[in-house]
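Take a look at the structure below.
Each value in this text was obtained by applying a stated rule to the coordinates, not by laboratory testing. Small disclaimer: the values here were computed from a predicted structure and weren't measured. Note that we place each Cβ from the backbone using ideal geometry, even for glycine, and neighbour counts take in every protein chain shown.
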Amino acid sequence: MTDAGESVNKDVKECSPQVFVVDSQAFPRPVPIKLDAPRLTFVYLLLAVALLGVFIEAVCICHLYSRHAIPPDIQKVEYIKGEKDQFSSSAHEFNDISPGIKPKAESKPAAFLQSASPVPRGDGILQWRPDSYPVFMNSLYYRNNSLYIQQDGYYFIFSKISHLENCKFFQHKVMLCSETYNNKPIELMQNSRYLCVSDKQQPTSQRDSSYLGGIFHLNKDDSVFVKVNNSSLVHNDPYENFFGAFMV
């Protein structure tokens, strides 16, 4: 019986599970991680900067996509304007002028003459001096007391004569010679004067002036001149007597 009981006890021991007791002090306790304040502040700062960058990028993308498209008419105008600017730039480069050299402006035909002093006596055709200040001549030719036209066009012709009034008739004319009229002188303008001072307290003669001016179409090789009926009445001061023309 004793052997049987021992055998049963042995079998029971082999079949029963083994129980192990774990000592809680055998494993180390977890140590809490602590960050100092400066490092924690730096981390928060980096995080804030990153979020700010993301926000700014999002705003820029939204603004880019929210822009209204340019209408086709405006695009067409801008396109034409761009072409115009391009052509203007090309023309400027083509006509480029060296620095310091100004382009020579085109001047129209013009002339201004003063009477010769003393005034010659004769057929009444007045003579002029073309070589003293402020006399000038441009694209016109002076010969035989006349201005010759070198270019067809409309010209303003003028003449002013200072003369004496002493109970004598005075006539001032601007004449034209042209192949159109077989080179026969014709009158373009005329002014007639007669002044007689009857008051004995006034001098027997006094000075007056006559001015003529008008626009006429003249052809090349036409000539114009000034004529008076009595050159002895013309005052000798050249600055008071002038004759000229210019293209309009």
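Relative contact order of region 140-248, please, whole-number percent, based on alpha carbon pairs below 8 angstrom and at least 6 residues apart.
Answer for region 140-248 is 45 percent.
What nm distance separates the two modelled labels at residue 40 and residue 220, each placed 7 Å from Cα along Cα→Cβ?
10.4 nm
Scale the Cα Rg of region 110-247 by the rule-of-thumb value 2.2 N^0.38 Å and send over the ratio, two decimals.
Against the compact-globule rule of thumb, the ratio is 1.09.
By how many nm would the segment from residue 188 to residue 208 grow when fully extended, if each residue of separation counts as 0.36 nm and the alpha-carbon distance is taken off?
5.0 nm
Determine, from the Cβ-Cβ distance of residue 169 and residue 117 and an R0 of 22 Å, the FRET efficiency 1/(1 + (r/R0)^6), rounded to the nearest 0.05.
Calculated transfer efficiency: 0.40.
Can you work out the FRET efficiency for the pair residue 131 and residue 196, with r the C-beta to C-beta distance and R0 = 30 Å, to the nearest 0.05?
0.20
For region 110-247, compute the number of Lys pairs whose alpha carbons are separated by less than 30 Å, excluding pairs fewer than 8 positions apart on the same chain.
Lysine pairs, 8 or more places apart or on different chains, close enough: 14.
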